[in-house]
Amino acid sequence: MKSIKDTLLIVKDAIDRYSIETRTKAYAALIGGHAAVFFGAERTTLDVDICFHAVEKQPGISFFRFLQKHLPPRYAVRIIEATKDPSDPLRHDLIIIDDTEKEYPHIDILLARYQWEILGLEQADFIQGLDFAVMPAPYLIAMKLMAGGRKDELDILDLLRDLPEQDLATIKDLAKRIGKDRALQSLLNERSRS
């Protein structure tokens with residue numbers, strides 16, 4: 001199986017070409033388990049999760065069609081609309097890329113839906129050793145609060161462990177904005193008891 005760096009290079013190249021061809025500003029950042037690992041969470045994950053936004057009317061359909069056309073035939077690309085995926089608590093449209101040759105891991109590209117996610121994407125920065133932006137920790141925590149699974153809660157506890165005070169204030173504001181301030185407070189209480 002190819003590394004996370006090799007996998008992200010495929011996505012980065014596609015986004016760069018998409019931006020040039022469509023003359024559209026596109027934002028992307030690593031999210032999910034791999035992003036949590038880069039912030040120090042102790043966990044394993046097989047798939048690669050990315051959040052994406054482009055400044056245009058229908059960025060999801062546009063980027064999906066671009067990927068279908070420009071990725072090599074070994075990649076199966078499909079799109080799932082949020083209304084058709086009841087298992088997604090964040091209600092995102094989702095582009096899925098699978099390598100039919102099974103060399104690269106499964107890639108999920110969540111299409112940013114909320115203004116706060118777009119703000120996080122705009123602030124995403126590169127982490128040493130990775131040529132791909134990573135969603136800032138407060139925004140990653142907000143996404144995990146919305147997802148609400150126990151694995152997400154455990155990631156949040158790991159992420160909160162070394163979170164600077166300034167970032168803690170940001171996540172508290174985000175949690176309130178998304179209606180998850182009680183869930184965050186419960187996790188902060190759990191963290192302080194351990």
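The values are calculated or read from the model by the stated rules, or taken from the named source; none is laboratory data. Being a predicted model, the structure only gives us computed values, none of them experimental. Glycine also receives a Cβ, built like all others from the backbone with ideal geometry; neighbour counts cover every protein chain displayed. Accessible surface areas use protein heavy atoms only, side chains included; no ligands, DNA or RNA. Shrake-Rupley method; radii C 1.70, N 1.55, O 1.52, S 1.80 Å.
Within region 137-163, take every residue that is closer than 13 Å to residue 175 by Cβ and in a loop (DSSP other than H, G, I, E, B) and give me the one that is most open to solvent (accessible area, probe 1.4 Å). The selected residue is 148.
So, in region 51-91, how many residues would count as being modelled with pLDDT under 85, in contact with a strand residue (DSSP E or B) (Cβ under 9 Å, 6 or more places away or on another chain) and either polar (S, T, N, Q) or closer than 25 Å to residue 122 by Cβ (or both)? Matching residues across region 51-91 total 3. Identify all residues within region 18-55 that are more than 18 Å from the chain's Cα centre (by Cα) and open to solvent by less than 60 Å² (accessible area, probe 1.4 Å); write none if there are none. Hits for region 18-55 are 18, 19, 22, 24. If the condition is being touching a helix residue (DSSP H, G or I) at 6+ places or on another chain (Cβ under 8 Å) and either assigned to a loop (DSSP other than H, G, I, E, B) or surrounded by fewer than 18 Cβ atoms within 10 Å (Cβ to Cβ) (or both), then region 168-182 contributes 168, 172, 177, 178, 180, 181.
For residue 139, the stated conditions do not hold, so it cannot be described as among the hydroxyl-bearing types (Ser, Thr, Tyr), closer than 27 Å to residue 1 by Cβ and touching an Asp or Glu at 6+ places or on another chain (Cβ under 8 Å). Among the residues of region 95-107, those that are assigned to a strand (DSSP E or B) and either at pLDDT below 95 or surrounded by fewer than 20 Cβ atoms within 10 Å (Cβ to Cβ) (or both) comprise 96, 98, 99.
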